[in-house]
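What follows is a single structure, written as structure tokens, with notes after it.
The values are calculated or read from the model by the stated rules, or taken from the named source; none is laboratory data. Keep in mind that what you see is a predicted model, and the values were worked out from it rather than measured. With ideal geometry, Cβ positions are generated from the backbone for all residues, glycine too; neighbour counts draw on all protein chains shown.
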């Protein structure tokens, strides 16, 4: 095992840890925020003349997701201009400021702006961290190394749940939700400092004509051909800067296949409902008759971590497509079971919420084990594959923009899912999970018939396999 490569990948993947932590931390504070900003929600609805209480609470929870959409759009060009590593430094600073600011927020507007800043960092990290790792990793290690980012995303989610549970047990009263957000400042600072130990991307260095530094990095991280000269020649051929430019048109026929693949896998990722579960799991569990939503959410996060770890081990052996198929089947079974439970025991769940009436154990247990199976399917399938796959299918010269497109699609859909859940939950939770199930049936068909495999193929050879012509 190449220690330098592993260390560099692990440091870059800390961007994924913060991505996961920032995404899930609001789940523990969601209901406190709902009460804390209640007057603001009503005033907004009265003053602006539209939107319900649930609409504005959904907007507050989705503020960070809106930031990720913007961050994923703008970061691609910055990563091309300033480099992957320098962009990660900026992202680390944004995480830190967002964490401190959200914890110290003095109004609904200030809280929303600091959460928006954190979202910008998440959107940027979702583009740059997996792209950077893909560009420093040899083909036979690339899947598991890029998947470290997703492992760290899930680890960050689990640590957010654990942190929320610990903070929730300290009886901090009105300060509780502030500490839930503020603790993120510590891993953000560590991320910034550890980035000084990582090299710049050799593929980005070659776009800037810095061949000597690129050669030095490749000598340390390894190559696909066991020859640095051959690797550099392949990268140069892929870049072909005499005929192409980093500023050449991106949305064109030549890149249509990787564009469609990236959009499809990113959209399906969120149409599973994963962000609704991550944001609102304590509330979903309470809707299903559980009195301790934070603790139950931690069990869900642990399950996703274990199955992501399993996927990380086998992704370069079985490939991306088989994991997607297995995960899709798991999605369909688990989501169908959850929908059945809410349809069958919905009246009992409602009576528990309104009057504390005991709930049938069968319905609650189906929701609990259904959600555990759901996040396990996500961790083993989509969760492990998405950032690996998007980082692979685009040529070197447009990879930053391709990664940005995939991330934008992912976060745009995430915003729609997380914003809409509180509104539709007021109607019937079962309907929501049926919708997610149908979407995952479509994902299964896509993975079976339209998704090409990319395992153990160099980034430059994938370009040839997808038929991207000059």
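Give me a count of the residues in the range 24-38 that are within 16 Å of residue 175 (Cβ to Cβ), touching a helix residue (DSSP H, G or I) at 6+ places or on another chain (Cβ under 9 Å), modelled with pLDDT of 80 or more and assigned to a helix (DSSP H, G or I). The number of residues fulfilling the criteria is 4. State whether one or more residues within the range 141-150 are under 21 Å from the mean Cα position of the chain (by Cα), closer than 27 Å to residue 311 by Cα and not in a helix (DSSP H, G or I). There is no residue in the range 141-150 that is under 21 Å from the mean Cα position of the chain (by Cα), closer than 27 Å to residue 311 by Cα and not in a helix (DSSP H, G or I). Residue pairs whose Cβ atoms lie under 9 Å apart, separated by 6 or more positions or on different chains, with the first residue in the range 252-280 and at negative phi and touching a residue at least 24 places away in the same chain (Cβ under 8 Å) and the second surrounded by 24 or more Cβ atoms within 10 Å (Cβ to Cβ) and not in a helix (DSSP H, G or I), are 255/394; 258/394; 259/394; 262/394. Only one entry of 419, 446 meets the criterion of being assigned to a helix (DSSP H, G or I), within 21 Å of the chain's Cα centre (by Cα) and more than 12 Å from residue 324 (Cβ to Cβ), and that entry is 419. The combined condition, being assigned to a helix (DSSP H, G or I) and at negative phi, is fulfilled by residue 441. For the range 212-236, a residue qualifies if it is surrounded by fewer than 16 Cβ atoms within 10 Å (Cβ to Cβ) and within 20 Å of residue 456 (Cβ to Cβ), and the qualifying residues are 225, 226, 227, 230. Within the range 151-166, not a single residue is in a loop (DSSP other than H, G, I, E, B) and either free of Cβ contacts under 8 Å to residues at least 12 places away in the same chain or surrounded by 20 or more Cβ atoms within 10 Å (Cβ to Cβ) (or both). Residue 23 fulfils the conditions (1) in contact (Cβ under 8 Å) with a residue 60 or more places away in the chain; (2) within 16 Å of the chain's Cα centre (by Cα); (3) surrounded by fewer than 22 Cβ atoms within 10 Å (Cβ to Cβ) except for a single criterion, (3). Across the range 114-128, the qualifying residues are those that are under 9 Å from residue 63 (Cα atoms) and surrounded by 24 or more Cβ atoms within 10 Å (Cβ to Cβ), and the one among them that is nearest to the chain's Cα centre (by Cα) is 119. Exactly one condition in (1) at pLDDT 75 or above; (2) surrounded by 23 or more Cβ atoms within 10 Å (Cβ to Cβ); (3) under 18 Å from the mean Cα position of the chain (by Cα) is not met by residue 335; state its number. The number of the failed condition is (3).
If the condition is being at pLDDT 95 or above and under 21 Å from residue 408 (Cβ atoms), then the range 94-112 contributes 94, 95, 98. A Cβ distance below 9 Å, combined with a sequence gap of six or more or placement on separate chains, defines the contacts here; from the range 298-326, residues that are on the phi > 0 side of the Ramachandran plot reach residues that are in a helix (DSSP H, G or I) and crowded, with 16+ Cβ neighbours inside 10 Å in the pairs 319/143. Residues considered: 375, 366. Of these, the only one that is surrounded by fewer than 23 Cβ atoms within 10 Å (Cβ to Cβ) and in a helix (DSSP H, G or I) is 366. Consider the range 251-268 and keep the residues that are within 13 Å of the chain's Cα centre (by Cα) and surrounded by 24 or more Cβ atoms within 10 Å (Cβ to Cβ). The one that is farthest from residue 30 (Cα to Cα) is 265.
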